[in-house]
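The values are calculated or read from the model by the stated rules, or taken from the named source; none is laboratory data. Computed from a prediction, not measured in an experiment: that's the story for all the values here. FYI the Cβ positions are ideal-geometry reconstructions off the backbone, even for glycines, and counts take in every protein chain you see.
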Amino acid sequence: MKHMDVTALGELLIDFTENGISPQGNPLLEANPGGAPCNVLAMLAKLGHRTAFIGKVGADMFGKRLRQAVTDAGIDTSGLAGDKDVNTTLAFVHTLADGDREFSFYRNPGADMMLTPGDVKKELVTDCRIFHFGTLSMTAENCRRATEEAVALAKREGALVSFDPNLREPLWDSLETAKERTIYGLRQCDILKISDNEIEWLTGETDYKKAAERLKEEYRIPLVLVSLGKNGSMALSDAGFAQVPGYKVDTIETTGAGDTFCACVLHYVLENGFRAYEKEELTEMLTFANGAAAIVTTRKGALAVMPEREEVEALICRDKNRP
């Protein structure tokens, strides 16, 4: 028996998101705790799972705020290291008319890039059922080695490996390097969550089902999930395929939607066991994950505003009963 359900490694940062205009006509920015791996853990914690985070923040006011926010979300922070010399990473998020986002990062370097293999609390890796990571912990040499050693350890100890590329083009020296790191993740994972724009970038294929089939076959990934934004999602296993539409909600911004979706997939795996899911099971998985992701798009931020299970179930019920 493993003590942790999910341990995640990666970036933890402040998302400055737009929240109105000042009397002087300047944009007002709200400092929201963020970072994809911790967003995933926050939703899992809301669903009753034991979670732990491995990463690094600065010794500045933002690092302290993040440490408290992660603790408040019910996530084990014993693996969260501090750096007294490098500040916490900041992201400034511009929300477009359709709720999508553009990012500007202050991360050259940021504290999350300074994570070393020696910073990784190994017992959090050896004692988890699922180990989750993305590509942003591989944008610099220190954190790349820390990530790869943690992934290798998780696999040796029998954990499932979950991977979400979470491509952020401005943080890479080149997209070729980003692709190399993404392919590393594909070769390691049992569960792949990838967005529509990422799978198109990676494969050059606009038919997302064909692209998913290609990645699944080439890299022998047991479970592939493609998030399609407002159009819902699809999933492919060794035993079936399913595509489920999204929910119509009043979207404010899409920050954290993919992370929420990913967390709900991992929740399904933890609750039902990992196997070759058939179409009906994949449909059930995606229905709940789409609902949770939709709710997050109606809120500012992500990590601190994850929905309760009952909210997701109410949205699904409402949609079923809609004329």
Inset, instruction - May I ask you to list the residues in segment 170-220 that are in contact with a Ser or Thr (Cβ under 7 Å, 6 or more places away or on another chain) and without any contact (Cβ under 8 Å) to a residue 24 or more places away in the chain? - result: E200, A211, R214
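Would you pick out the residues in segment 154-174 that are part of a helix (DSSP H, G or I) and more than 20 Å from M113 (Cα to Cα)?
A154, K155, R156
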Legend entry - Complete set of residues in segment 203-212 that are out of contact with any strand residue (DSSP E or B) (no Cβ under 7 Å at 6 or more places or on another chain) and either surrounded by 19 or more Cβ atoms within 10 Å (Cβ to Cβ) or in a helix (DSSP H, G or I) (or both): T203, K210, A211
Legend entry - Residues within segment 268-312 that are of a type in the set (K, R) and modelled with pLDDT of 95 or more, tallied: 3
Inset, instruction - Scan segment 246-266 for residues that are farther than 19 Å from G35 by Cα and in contact with a strand residue (DSSP E or B) (Cβ under 9 Å, 6 or more places away or on another chain) and jot them down. - result: G246
Inset, instruction - Restricting attention to segment 229-256, report how many residues are under 20 Å from E217 (Cβ atoms), of a type outside the set (A, V, I, L, M) and surrounded by fewer than 20 Cβ atoms within 10 Å (Cβ to Cβ). - result: 4
Legend entry - Enumeration of residues in segment 130-141 that are buried (at least 24 other Cβ atoms within 10 Å of the Cβ) and among the polar types (S, T, N, Q): T135, S137
Legend entry - Residues of segment 142-185 classified as closer than 24 Å to V93 by Cβ, under 18 Å from the mean Cα position of the chain (by Cα) and of a type in the set (D, E), total: 2
Inset, instruction - Identify, by number, the condition in (1) within 26 Å of E141 (Cβ to Cβ); (2) of a type in the set (A, V, I, L, M, F, W, C); (3) touching an Asp or Glu at 6+ places or on another chain (Cβ under 6 Å) that L80 doesn't meet. - result: (3)
Inset, instruction - Test T254 against the criterion of being within 23 Å of G134 (Cα to Cα), in a loop (DSSP other than H, G, I, E, B) and in contact (Cβ under 8 Å) with a residue 60 or more places away in the chain, and give yes or no. - result: yes
Legend entry - L215 being outside any helix (DSSP H, G or I) and crowded, with 20+ Cβ neighbours inside 10 Å: no
Inset, instruction - Answer yes if at least one residue in segment 190-202 is buried (at least 18 other Cβ atoms within 10 Å of the Cβ), out of contact with any Leu (no Cβ under 6 Å at 6 or more places or on another chain) and in a loop (DSSP other than H, G, I, E, B), and no otherwise. - result: no
Legend entry - Residues (in a helix (DSSP H, G or I), of a type in the set (G, A, S) and either over 22 Å from K320 (Cα atoms) or in contact with a strand residue (DSSP E or B) (Cβ under 7 Å, 6 or more places away or on another chain) (or both)) located in segment 267-293: A289
Inset, instruction - May I ask you to verify whether M43 is more than 20 Å from G256 (Cα to Cα), modelled with pLDDT of 95 or more and hydrophobic (A, V, I, L, M, F, W, C)? - result: no
Legend entry - Residue pairs meeting the criteria (Cβ under 9 Å; at least 6 apart or on separate chains; first surrounded by fewer than 22 Cβ atoms within 10 Å (Cβ to Cβ), in segment 142-169; second of a type in the set (K, R) and modelled with pLDDT under 95): E157/K2; G158/K2
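Kindly indicate whether any position in segment 259-274 is over 20 Å from P307 (Cβ atoms) and of a type in the set (S, T, Y).
Checking segment 259-274: not a single residue is over 20 Å from P307 (Cβ atoms) and of a type in the set (S, T, Y).
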Inset, instruction - From the list D127, D173, pick out the single residue that is of a type outside the set (G, A, S), closer than 23 Å to N197 by Cβ and surrounded by fewer than 19 Cβ atoms within 10 Å (Cβ to Cβ). - result: D173
